[in-house]
Every structure is written in structure tokens, then in C-alpha cells.
Amino acid sequence: MKVALNKTSVEMKNKVKKMGMYNTCFRNYDIEPREFYETVAVEGYPFCIAKLEEDEYGNCNKKTENFVSCGIIAVDIDNEDPDNYWPYEDAVANPFVVKNALCGYTTPSSTEEHNRFRISFELPDTITDKDEVVQLNKALNFKFNGDTATVSCVQSFFGCTNSKSEFFGN
């Protein structure tokens with residue numbers, strides 16, 4: 001599957017002033033699902049759901065106009081609504097997730113009392129239409145009560161070093 005990864009630094013997410021550097025240091029990879037899982041949920045590197053246009057050095061600037069295609073989507077579950085709280089353990093046991101997800105992993109801000117996590121899905125077909133990706137992200141967020149701010153066609157997500165995680169491989 002094709003995905004953009006930012007392997008410059010796992011710690012960059014804590015350095016807000018370097019967000020410009022963060023956004024311009026993605027590179028496209030064609031990797032197997034298991035490698036994606038280990039890169040994001042074990043090693044903790046950020047990913048962008050899109051394959052992006054590359055500059056002459058192979059770097060990608062994470063901008064909407066640089067969108068090429070999308071082969072993976074993800075939903076960010078922050079559990080901000082107490083009436084719709086979804087524990088991580090329930091999420092990774094959900095029949096839809098088990099049957100369709102690539103992987104799930106907790107975020108660095110997740111605690112035992114307040115679970116925060118992401119679930120990613122490899123798409124059966126690559127999407128080349130930006131609006132279709134946004135609509136798919138909105139539908140996924142609606143289905144799982146996800147963070148509605150994470151619907152961009154070039155949405156990126158931070159990984160988590162040694163997170164509580166599950167590889168489904170779908």
C-alpha cells in the first residue's frame with residue numbers, strides 16, 4: 001500500500017514551532033500492512049493517509065494541492081463525548097473493526113481512565129478524488145464518533161511508540 005510517512009523524528013510532535021518542518025518531511029512509501037503497523041504503532045512515526053507529490057529530493061509537503069491518491073484512512077477516537085464513550089478494548093473487539101481494520105493503536109495521551117486511540121483501514125481500491133476521500137473520512141468519523149477535525153484528504157496522524165495496539169491485517 002502507498003502511504004506517506006514522516007520518519008524525521010518521533011519526538012517532533014512535541015515541538016510545535018517545528019510544524020512547518022513536520023509538514024514538509026513526509027516521504028512516500030510502498031509498504032506492506034504489517035510494516036505500516038510496526039512503523040506507526042510500535043516505532044511511533046507519523047503517517048499521512050495520502051500519497052503526495054514529491055519534490056526533487058523525494059520529500060513531500062503535506063498540502064491539499066499535493067494530494068495524489070489515498071489507499072488508507074483512519075479514525076481518531078478521542079472519547080470527548082461521555083455519552084458515547086468507547087473503550088479501546090471494546091473497539092478492537094468490535095466485529096466491524098475486526099473484519100475490516102488494518103490496525104488499532106492507542107495515542108500517547110491515552111490513559112486507563114480515558115482511552116484515546118486510532119483505527120486505520122486499508123482501502124480495497126486507491127482513491128484519486130480528494131472530495132471522495134473527505135466524504136469517506138466524514139462517514140468513518142460519523143460511524144465511530146471520531147474527531148470531526150480529522151477529515152482532510154491529506155490528514156496526518158501521529159504514531160505512538162510501543163502503544164497498546166492490535167494488528168488485524170485487513
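Tell me, what is the 1.4 Å probe accessible area of C25, in Å² to the nearest 10?
Approximately 30 Å² for this residue.
From the residues V75, N28, P124, which one has its Cα farthest along the dipole of the chain in the positive direction, the dipole being from +1 and -1 charges on Cβ of Lys/Arg and Asp/Glu about the Cα centre?
Farthest along the dipole direction, towards plus: N28.
Residues with beta-carbon under 11 Å from that of C60, excluding C60: net charge, scoring Lys, Arg +1 and Asp, Glu -1? Working shown, then result.
Working: positive: R27, K51, K62, K63; negative: E53, E54, D55.
Spelling it out: positives minus negatives among the neighbours equals +1.
Restricting to Cα pairs below 8 Å that are 6+ residues apart, what does the relative contact order work out to for region 1-140? Please round to a whole percent.
Numbers: 227 pairs, mean separation 32.5, N = 140.
Value for region 1-140: 23 percent.
Which far-off residues, 5 or more places away or on another chain, put their amide H under 5 Å from the one on F26, with H placed in the peptide plane?
Here the answer is C60, K62, since their amide H atoms fall under 5 Å of that of F26.
Per-residue ellipticity at 222 nm for the chain, helices alone: DSSP H runs ≥ 4 residues times -39500 (n - 2.57), over residue total, nearest 500 deg cm²/dmol? Don't skip to the end; give the middle numbers.
Values: 5 runs with 36 residues, N = 170.
So the calculated ellipticity at 222 nm is -5500 deg cm²/dmol.
Quote the Stokes-Einstein diffusion coefficient, in whole µm² s⁻¹, for region 60-170, based on the Kirkwood radius over alpha carbon pairs, a temperature of 4 °C and a viscosity of 1.567 mPa s.
It diffuses with D of about 90 µm²/s by this estimate.
Comparing L52, L136, L102, which has the greatest mean-square fluctuation in the GNM of the chain with Cα pairs linked when under 10 Å apart?
The residue that fluctuates most here is L136.
Please compute the contact order of region 97-146 in relative form: average sequence separation of alpha-carbon pairs under 8 Å and at least six residues apart, divided by the residue count, as a percent.
Working: 31 pairs, mean separation 13.7, N = 50.
Here the relative contact order equals 27 percent.
Would you mind getting the accessible area per residue of region 20-60, heavy atoms of the protein chains only, 1.4 Å probe, in Å²?
48 Å²
If the viscosity is 1.567 mPa s and the temperature 4 °C, what Stokes-Einstein diffusion coefficient in µm²/s follows for region 1-140 when Rh is the Kirkwood radius over Cα pairs? Don't skip to the answer; put the middle values down first.
Working: Rh = 16.0 Å.
Taking Rh from Cα pairs, D becomes 81 µm²/s.
If you take every residue apart from A93 with its C-beta less than 14 Å away from the C-beta of A93, what net charge results, scoring Lys and Arg +1 and Asp and Glu -1? Provide the component values of the computation, followed by the final result.
Working: positive: K99, K164; negative: E89, D90, E166.
After counting each charged neighbour, the total is -1.
Heavy atoms only, 1.4 Å probe, whole protein assembly: order E32, E132 by accessible area, highest first.
Listed by decreasing accessible area, they come as E32, E132.
Taking only C-alpha pairs under 8 Å that are 6+ residues apart, what is the relative contact order of region 46-94 in percent? Can you show the working numbers first?
On the way: 34 pairs, mean separation 15.1, N = 49.
Relative CO of region 46-94 lands at 31 percent.
The values are calculated or read from the model by the stated rules, or taken from the named source; none is laboratory data. All figures in this text were calculated on a predicted structure; none of them were measured in a lab. Counting neighbours? That spans all protein chains shown, and the Cβs are built from the backbone with ideal geometry, glycine included. Heavy atoms of the whole protein, side chains included, go into the accessibility calculation; ligands, DNA and RNA do not. Shrake-Rupley method; radii C 1.70, N 1.55, O 1.52, S 1.80 Å.
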